[in-house]
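Take a look at the structure set out below.
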Amino acid sequence: MNSSFRQGFLLVLLTLVLPYFGRAQDVGETDKSPAGGHVEVSLGMAIPRALGNNFLSNAYAIRTGFTGELSLYFNERYFVGYQGIFNASEVRDATLVGLYDRSVIRHHYLIGGYSMLSKKSVFGVTTGIGLGHASYKNKKENTVFFDKGFSLMAHTKVRYRFSKNVGLYVGAQLSNDFLNIETAPEIEEVFKDARIFFVSTGLVFAIGS
Amino acid sequence: MILLPLFVLVSCDVFYEDNKRLLFTGTAVDEDGAAIKNVPVRAFTYGPGVLSNGFVEDLGEGFTDENGSFNLVSLSPEGNYKIDMEINGRLQVGQSTGFSSISLVGLETLNLSDAAYRLGELRLARIVNSRLIIQRATNTVDTLYVNIVTGPVYKTIYFDKSREPNIFEDFFFATDTVLPSENEKEIVLANLLAKDTILVRYRLKNTSNAEIFTEKLGYSSQIGAYEFKF
């Protein structure tokens with residue numbers, strides 16, 4: 001396990017333990033807000049790990065990035081929304097992908113999902129899927145070119161609210177990018193798609209709850 | 001202000017196609033067909049600039065594997081760009097000095113099949129020293145003035161014939177004389193490609209005709225040298 005992944009798991013542990021020491025008094029059973037729609041905004045860091053035998057896992061070093069999510073709950077359980085994930089990366093083996101230096105990887109999803117626990121609960125567990133777009137903005141000195149494609153993702157998140165409107169979350173997500181980069185049949189499999197496993201953590205803000 | 005447009009021309013970049021990679025494949029072998037492993041391979045293009053070829057921009061680089069093969073992944077320039085390649089180039093990191101270099105000029109003129117340039121077998125001969133044995137066969141009276149020309153240790157294959165120069169690239173030459181009292185002479189030829197064809201230009205003194213003769217000589221595996229008889 002590399003060092004950035006190790007740091008991510010330590011951070012996850014901290015986010016689960018620390019709130020017990022900072023929990024506000026008006027959370028949980030004393031929360032008397034009515035059920036119904038509300039909005040949640042999540043902001044956090046996304047720790048990536050490329051999976052599989054493809055150009056991304058073999059030739060790129062992806063750095064920890066940033067993720068933001070807007071979820072619109074139209075009742076207590078179901079939500080739709082948007083998610084964006086942004087990661088910088090470096091090309092560590094140019095012999096496998098061509099001579100360029102770095103890439104900024106951006107994912108944009110329309111998401112939909114389900115919350116397993118009521119919003120009144122201190123803990124929340126959500127699962128969701130997303131359909132969207134992946135864009136790899138590749139840079140070679142002053143020149144920019146793109147690898148783009150369709151992307152699918154599935155994720156699950158655990159949230160802990162330490163106040164009425166603010167909480168912490170940790171999540172796991174698997175994204176598959178269908179890039180279909182045009183190339184020779186001998187290396188087609190390597191450039192067909194890319195798969196990334198994200199561990200994310202950060203703050204979640206509930207509005208209208 | 002007058003120089004500003006010049007700087008704009010010089011600083012223009014090469015643009016690359018989105019969602020595309022080129023593949024260059026081939027095998028480097030020596031003069032006997034044996035694989036040459038671990039020699040550098042490079043594909044490059046030329047950016048726009050003030051000079052006719054602009055600046056050189058590398059597209060991809062790598063090395064031949066244990067079987068002498070290379071699968072070079074490179075970026076795909078967008079538009080009409082020249083694409084050249086170099087195998088075991090003289091200035092490349094990791095160049096094997098015991099083998100020749102090959103430049104492939106004008107690959108963009110080849111038929112691009114499935115985003116791949118499949119170049120097949122590319123011969124890089126070993127660089128060796130050899131001998132030329134000159135013997136009198138029938139002529140016992142003339143002095144022989146001989147000039148020997150060997151080919152360069154770097155080869156260029158022009159796929160774009162418009163870029164081929166109209167000059168013969170000779171590399172090494174030696175001159176020598178064989179007197180009437182000498183029946184045989186041996187000349188050392190340094191730094192030529194193994195088993196390469198050499199050129200012998202000679203003149204015979206004491207004849208009324210001062211004509212210069214030219215003869216191509218192939219390598220004799222039997223004697224392990226080149227042989228010239230007159």
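Placing unit charges on each Cβ (+1 for Lys and Arg, -1 for Asp and Glu) gives the stretch B:48-165 a dipole about its Cα centre, and among B:116, B:68, B:80 the Cα reaching farthest toward its positive end belongs to B:68. Dipole check for the stretch B:181-230: with +1 at the C-beta of Lys and Arg, -1 at the C-beta of Asp and Glu, and the Cα centre as origin, the magnitude is about 140 Debye. About its Cα centre, the stretch B:51-95 has a charge dipole of approximately 160 debye under the convention of +1 per Lys or Arg Cβ and -1 per Asp or Glu Cβ, with nothing else charged. Here the accessible area of the protein assembly as shown is 57 percent carbon and sulfur, with a 1.4 angstrom probe and all protein chains present. Distance between the pseudo-spin-label points of residue A:53 and residue B:212 (7 Å out from Cα toward the beta carbon): 6.1 nm.
Each part gets one Cα centre, and for the stretch B:52-94 versus the stretch A:92-132 those centres are 36 Å apart.
Within the stretch A:96-111, the residues that become at least 20 Å² less accessible when every protein chain is included than when their own chain is isolated (1.4 Å probe; DNA, RNA and ligands ignored) are A:97, A:98, A:99. When the accessible areas of B alone and A alone are added and the area of the pair subtracted, with a 1.4 Å probe, the result is around 2000 Å², both sides summed.
Less than 5 angstrom separates the built amide H of residue B:16 from those of B:78, all sequence-distant by 5 or more or on a different chain. Give the residue list of chymotrypsin sites (Phe, Trp or Tyr not before Pro) in the stretch B:67-170 that are DSSP loop and have at most 12 other beta-carbon atoms within 10 angstrom. In loop regions of the stretch B:67-170 (DSSP not H, G, I, E or B), the sparsely surrounded chymotrypsin sites (Phe, Trp or Tyr not before Pro) are B:168. The value of relative contact order for the stretch A:85-205, using C-alpha pairs under 8 Å at least six residues apart, is 18 percent. Taking all protein chains into account, the per residue accessible area for the protein assembly as shown stands at 50 Å² (1.4 Å probe). Would you mind counting up the charge near residue A:61? Only other residues with Cβ under 9 Å from its Cβ, with Lys and Arg at +1 and Asp and Glu at -1. In short, +1.
Rounded to the nearest 20 debye, the dipole magnitude of chain B is 620 debye, with +1 charges on Lys and Arg beta carbons, -1 on Asp and Glu beta carbons, and the Cα centre as origin. Anything losing 50 Å² or more of accessible area from the isolated chain to the full protein assembly: pick those residues out of the stretch A:122-170, probe 1.4 Å, ligands and DNA/RNA ignored. In the stretch A:122-170, residues shielded by partner chains: A:140, A:143, A:145. With K and R counted +1 and D and E -1, the other residues having a Cβ less than 14 Å from that of residue B:137 yield a net charge of -2. For chain B, averaging the sequence separation of C-alpha pairs within contact (under 8 Å, six or more residues apart) and dividing by the residue count gives a relative contact order of 19 percent. Approximating the spin labels as points 7 Å out from Cα along Cα→Cβ, the residue B:186-to-residue A:118 distance works out to 10.4 nm.
Given a 10 angstrom Cα cut-off, can you work out which residue in B:134, B:36, B:212 is the most mobile in a GNM of chain B? Result: B:212 has the largest fluctuation of those listed. By the helix-only formula, in which each DSSP H run with n ≥ 4 contributes -39500 (n - 2.57) and the sum is divided by residues, chain B has a 222 nm mean residue ellipticity of -1000 deg cm²/dmol.
The values are calculated or read from the model by the stated rules, or taken from the named source; none is laboratory data. All values derive from a computational prediction rather than experimental measurement. When we count neighbours, we look across all protein chains shown, and the Cβ atoms used for this are built from the backbone with ideal geometry, even at glycine. Quick note on the areas: whole protein, heavy atoms, side chains included, nothing else; ligands and nucleic acids left out. Shrake-Rupley method; radii C 1.70, N 1.55, O 1.52, S 1.80 Å.
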